[in-house]
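The values are calculated or read from the model by the stated rules, or taken from the named source; none is laboratory data. Note that the structure is a prediction, hence the values are computed from the model and not measured. Here the Cβ positions follow ideal geometry from the backbone for every residue, glycine too, while neighbour counts run over all protein chains shown.
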Amino acid sequence: MSLKKTYSNSGKVARPPMLTQSDEKKKRFWNTEKIMSTSAIMISLMSLIALFYQTNLMREEQELQRNAQLKSTMPYLMIANANYGGPDFSIVLSNKGIGPAIVDSTIVIYNDSAYQMDLPTFLYQEIPELSEISNIYHSNIAPGQLISPNERIEIFKVDNSQESANQFLQLLMAIDIDYRLVYRSVYDERWALTGESYFPVKLVEEE
């Protein structure tokens, strides 16, 4: 077995390139311990990034689940007239949502004053003419009352009397009143139903 020598252009044996002082420092720096330490740091950083990403995904998933829960228990109260102009005229409060509504407060606004009471209590207390109308019945709405999905409450009901229905409608048109009914869901989301809007208005948490 023969050993081959490398010759330069001058015919002399070529020497391997000399390591500079900088190369020697780099060689000494990147030893096995340094490489393992740096690798461990990189793995830790990658694990931390993965943890942040997974935490963010979990937070988004929890938010989606919470929104789904809120929608699955959302109440939707409405006040409407039934059989308007007929002998069985009524004012009906109904829950068109898929969750129960819990009444927080009822307010009637009349002559720039607010009365902490429901509509029947106010009318019988402040409008004495209502007591003179026969064949009319009512149901009260009180704070804390639970209104189930698809439940209908006849706040006022005229029982098969065209004369009484006409008198009651004339009385309502003669007075300028507004109401505000605040209710919440089982998750404490809150809405206000007023005479100025056809739909419930969601309230912010500060209110």
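Please determine whether any residue of the stretch 69-76 is under 35 Å from the mean Cα position of the chain (by Cα), among the aromatic types (F, W, Y) and at pLDDT 80 or above.
yes
Condition (residue is in a loop (DSSP other than H, G, I, E, B) and in contact with a helix residue (DSSP H, G or I) (Cβ under 8 Å, 6 or more places away or on another chain)) applied to the stretch 104-118: is it met by at least one residue?
Yes; the residues of the stretch 104-118 include at least one that is in a loop (DSSP other than H, G, I, E, B) and in contact with a helix residue (DSSP H, G or I) (Cβ under 8 Å, 6 or more places away or on another chain).
In the stretch 128-150, how many are closer than 18 Å to N81 by Cβ and in a loop (DSSP other than H, G, I, E, B)?
4
Is it the case that some residue within the stretch 103-115 is free of Cβ contacts under 8 Å to residues at least 40 places away in the same chain, on the phi < 0 side of the Ramachandran plot, of a type in the set (V, I, T) and surrounded by 13 or more Cβ atoms within 10 Å (Cβ to Cβ)?
Looking for residues that are free of Cβ contacts under 8 Å to residues at least 40 places away in the same chain, on the phi < 0 side of the Ramachandran plot, of a type in the set (V, I, T) and surrounded by 13 or more Cβ atoms within 10 Å (Cβ to Cβ), one finds none in the stretch 103-115, hence no.
Consider Y53 against the criteria (1) out of contact with any Lys or Arg (no Cβ under 9 Å at 6 or more places or on another chain); (2) under 28 Å from F168 (Cα atoms): it satisfies all of them except one. Which criterion is unmet?
Only one criterion in (1) out of contact with any Lys or Arg (no Cβ under 9 Å at 6 or more places or on another chain); (2) under 28 Å from F168 (Cα atoms) is unmet by Y53, namely (2).
Taking the conditions exactly as written (modelled with pLDDT under 65 and of a type in the set (F, W, Y)), does F52 satisfy them or not?
no
Suppose we filter S90, S131 for residues that are small (G, A, S), surrounded by fewer than 16 Cβ atoms within 10 Å (Cβ to Cβ) and over 24 Å from the mean Cα position of the chain (by Cα); which single one remains?
S131
Test each condition in (1) farther than 14 Å from I147 by Cα; (2) buried (at least 17 other Cβ atoms within 10 Å of the Cβ); (3) not hydrophobic (A, V, I, L, M, F, W, C) for G99 and report the one that comes out false.
(1) is the only condition that G99 fails.
One line per residue, one yes/no per condition, for (1) assigned by TED's automatic domain parsing to the domain that holds I109; (2) closer than 24 Å to D104 by Cα; (3) not β-branched (V, I, T):
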{"residue": "I127", "(1), (2), (3)": "yes, no, no"}
{"residue": "P149", "(1), (2), (3)": "yes, yes, yes"}
{"residue": "L172", "(1), (2), (3)": "yes, no, yes"}
{"residue": "S185", "(1), (2), (3)": "yes, yes, yes"}
